[in-house]
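J.: If you scroll down you'll find the structure; I have some questions about it.
Each value in this text was obtained by applying a stated rule to the coordinates, not by laboratory testing. Treat the numbers as computed from the prediction; the structure is a model and nothing was measured. Note that each Cβ is placed from the backbone with ideal geometry, even for glycine, and that neighbours are counted across all protein chains shown.
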Amino acid sequence: MNDWRSFEAAYPLLGRSLRMAKNAGRLGHSHLVVSSNASIRTRFPVLLAQLAVCLDPAPDGAPCGRCETCSLLENGLYPDLFLLAPTSKSREIVIGKDDSDPDTLRNFESMFHLSSSAPGGWKIGVVQDCDTMNESAQNAFLKTLEEPPRSCLFILTTGHPASLLPTIRSRCQILTLTDNVCRYDMETFAAMPDILMRLTFEAKDDLVAGEDCAAGLIEVLGSLGDMASETVQARWADRLKSAENLESAAMKLLEKRIEGETGCEYLRLREEFLSILHAWFAQIALVAEGTPRELLSNPEVVRVWLDASPRPEITPDEAARMLSEAENLVRVLNTNVSDELAVRAFALSVAIDTQARG
Ligand SMILES: [Zn+2]
């Protein structure tokens, strides 16, 4: 999805209706981009912003991708694009103490009170993974959506639209960008299958082995922050190089965008970690109940088990019990508890079946 045309080739109906809305002067001021694909969630807002502010659009409304505003947007230097993203530490967007409280909703909103300095005069606000706004932040933001400042375009993105207040959803035009491929990147998470294999089949009633598996999982989880930052740095390396001589305000903008993307990338990796862990136990439970491997949705996750010879056995009951522990962990980790404590408790309860002991 490099430019508008390639986006429209992938999503013809949506692309066409957005272009037509733009040409008719009816492009909405608030859009909610819904996609389970995190790269789409970071990439598409740039294209949508270009559609809104391009100085030299094609006759059909498509942005040129080359004019001053298109280039500034592409390079993360559009002076009136403001980004709000969950910080990687709290995984949350909060309302904030006052306008100067960084990375908060108040700070973000204060940017829209000043007049625009960008060519064309548009201000663009992007809220990445807006479902991570807590409820008071969502309520506060709702007021802005109800009475938007002039010449502002808000682009919200989410992979979990159900976590948003219905009143936020209904204020926005919903742009759903589906992505049907759901494979896990087992290269990035190469350490997980071996740890999970041990936890599932070798740690039974063994506290030390359970602890050991927990430590392994915690290590993987703990490496995600660095991994996210490396990925995003690599993505921006070329542009950072050519930006060496930028004045400090522009440099700050660029840094802000990189920081926002890093927060989103971290959340994506963390979500994938949890999905793989869940898929591991879910696939095993299916096979234990008699599902043939050809019908598994994610055999790549359990390949090490499927290909083992002899393949360690597990009863359907035992597999179901472990799956429910995994489901519980996913639930717990979606609230703001310590990752480390939750993963330890999980690994120990998989290894040691307290119910069976009575
Ligand atoms: Zn343009």
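J.: In Å and from the alpha-carbon atoms only, list the Rg and Dmax of segment 230-278.
T.: Values for segment 230-278 (Cα only, Rg and Dmax): 14.0, 47 Å.
J.: Additional query: Excluding residues on the same chain fewer than 8 positions from Lys252, give the lysines whose Cα lies under 16 Å from its Cα.
T.: Lys241
J.: Near Arg268, within a Cβ-to-Cβ distance under 12 Å, what is the net charge of the other residues, with Lys and Arg +1 and Asp and Glu -1?
T.: -3
J.: Distance from the Cα centre of segment 59-89 to that of segment 4-45, in angstrom?
T.: Centre-to-centre (Cα) distance: 14 Å.
J.: Where in the chain lies the longest segment free of GluC sites (Glu not before Pro) that are both loop residues by DSSP (not H, G, I, E, B) and have at most 11 other Cβ atoms within 10 Å? Display every interim value, and only then the final one.
T.: On the way: sites that count: Glu187, Glu244, Glu247, Glu289, Glu313.
It works out to 1-186.
J.: Counting other beta carbons within 10 Å of each residue's own, what order do His31, His160 fall into, fewest first?
T.: Ascending Cβ contact count within 10 Å gives the list His160, His31.
J.: For segment 218-358, what does the convex hull of the Cα positions come to per residue, in cubic angstrom?
T.: 144
J.: For segment 4-176, compute the number of Lys pairs whose alpha carbons are separated by less than 25 Å, excluding pairs fewer than 8 positions apart on the same chain.
T.: Lysine pairs satisfying the spacing and distance rule in segment 4-176 number 6.
J.: So, one more: Pull out a ≥ b ≥ c, the square roots of the eigenvalues of the alpha-carbon gyration tensor of segment 162-265, then state rounded if a/c is under 1.5, prolate if not and a/b is larger than b/c, and oblate in the remaining case. Write out the running numbers ahead of the final one.
T.: Values: a/c = 2.73, a/b = 1.55, b/c = 1.76.
Here segment 162-265 falls in the oblate category.
J.: Another question about this same structure. What are the DSSP H helices in the chain that stretch 27 Å or more along their long axis, judged by alpha-carbon atoms, and whose average Kyte-Doolittle hydropathy comes to at least -0.5? Show your work: numbers first, answer last.
T.: Working: long enough: 207-242 (54 Å, 0.23); 248-288 (59 Å, 0.26).
The answer, listed by residue number, is 207-242, 248-288.
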